[in-house]
Every structure is written in C-alpha cells, then in structure tokens.
Amino acid sequence: MGRVCAWMSGGLALTGVVALWVASQPALVMAIATNRLLFYGLLLAELAAVFAFAPIARRASATVAAGVFLFYAALNGVTFSLIFLIYTTGSIASTFFVAGGTFAAMSVYGLVTRRDLSGMGRFMMMGLFGLIIAGVVNIFLRSDVVSWVSACVGVLVFSGLTAYHAQKIQAMNVLGNEGTDEDRKEAISGALVLYLDFINLFLSLLRLLGRRR
C-alpha cells in the first residue's frame, strides 16, 4: 500500500502541476474552453487511456504501465485547468484539503476494518452507474437541483468506493513477488484506481463547497 500511495500521490502531483501551468497560459485555457473539438478530444483521450490501461498492464512492462498512468494524469491536468476559470483558487485549495482528509480517513477504514466491504462496494458501483445516467440526463435538463443532488451522492459513492478499493487492493497483493515487475504493476494499477476515487471525490466536493468566480 505504501507503493500504491506513492504512485497515486505522484499522479496527483503531476495533475496539479500541469493544471496550474495550463491555467497560467490564458490563450491555452481559452482554447480548451471554447474549442469543443479540442475539449471533447481531450476527454476521449482520457477515457481511452483508462480503458487501455488494464490490457496494457497485463501484457507490457511496469515501465509502460507507468507511462500510461502518468500520461493520463497529465491529460487530467490539462482539463482540470478549467476549474480555475469557474472557482476561486482559495476554494479549490480548501476543497482539496477536505477531499484529502476524507480520502485518508476512508482509506484507513478500508485497511483496518475486519468487515468485508464487498457488499458495500457493489452498492456503491450501482450508485456510480446512477450518477453517470443522471449526468447524461442533466446535459439536457441543465437542472441545478439535479447537479446538487448528484454532487451529494457523489461524495457518498466515492467515499465508499475509496474504503472498498483500499481493502480490495490490500487483499489482492501477491505475497512473495516483492521487487518484481509484477509487483510494480500491481502498485501502479492500485494507484490508478485510488487516483480515480480521489479525483471524483474532489470534484463532487468542489461542486458543493467551491466558491464560483
């Protein structure tokens, strides 16, 4: 779990650095915000990286898997630069610390509890699919109420998934392969899962706590 957290932290740091750099380039930010083809192209590239990660990790080396993970984290940083146009820097920073504390607490709970969280994990996955459907529907409705309710549910879902995934990653660790390429790929794969949990938890909290410009 130490290596998993190290990789996840590295991915988050890369996302933050890229987001801050892009946000400091007004022309680049406006190009992303106003060019739908570019914006949706970035989102599709992110989805492709996530879905391609598992088959690549199975067949390729840990170095290649790490490259895909870091590529995805950097792409996320590019699209995340847009939140600086919507929310104040102070509220982004404070929400990040709230998300970090929540994530840490739920991770620790998942690691130390003796309760099997598989049932909760399945329930949270159902909630995730519900969030996706609500998000698609709200593209057409543009309802603030639906957006607010989705953000509240998102905090609960991704907090629960954090605990579930932390327990699952710990249980799936293969003993005796320390230092091998497979061991490194296990750590990177776990880091990607927790990275996604943290990012989505942060975005859900930002929709609730963020102060708009």
Computed on Cα atoms, the radius of gyration and Dmax of the range 7-128 in angstrom are 17.1, 52
Step through the residues of the range 116-129 one at a time and calculate ³J(HN,Hα) from phi using the Karplus curve (6.51 cos²θ - 1.76 cosθ + 1.60, θ = phi - 60°), rounding each to whole Hz and writing x for Gly and Pro. 6, 8, 4, x, 5, x, 5, 5, 5, 5, 4, x, 5, 4
For the chain, calculated [θ]222 nm from helices alone, where every DSSP H run of n ≥ 4 adds -39500 (n - 2.57): -30000 deg cm²/dmol
Residue among Met124, Met106, Met172 with the largest mean-square fluctuation in a Gaussian network model of the chain, springs linking Cα atoms under 10 Å: Met172
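With the other protein chains left in place, how much accessible area per residue, in square angstrom, belongs to the chain at a 1.4 angstrom probe?
Here the per-residue accessible area is 55 Å².
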Quick one: which residues, 5+ away or cross-chain, put their amide H under 5 Å from the amide H of Tyr87? H built at 1.01 Å from N. Arg213
How big is the equivalent ellipsoid of the chain along its three axes, where each semi-axis is √(5λ) from the Cα gyration tensor, reported in whole Å from largest to smallest? 28, 22, 16
Heavy-atom accessible area with a 1.4 angstrom probe orders Glu186, Glu46, Glu178, most exposed first, as Glu178, Glu186, Glu46
The range 10-135, accessible surface, carbon-and-sulfur percent (1.4 angstrom probe): 76
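The values are calculated or read from the model by the stated rules, or taken from the named source; none is laboratory data. Just so it is clear, the model here is predicted, and its values are computed rather than measured. Accessible surface areas use protein heavy atoms only, side chains included; no ligands, DNA or RNA. Shrake-Rupley method; radii C 1.70, N 1.55, O 1.52, S 1.80 Å.
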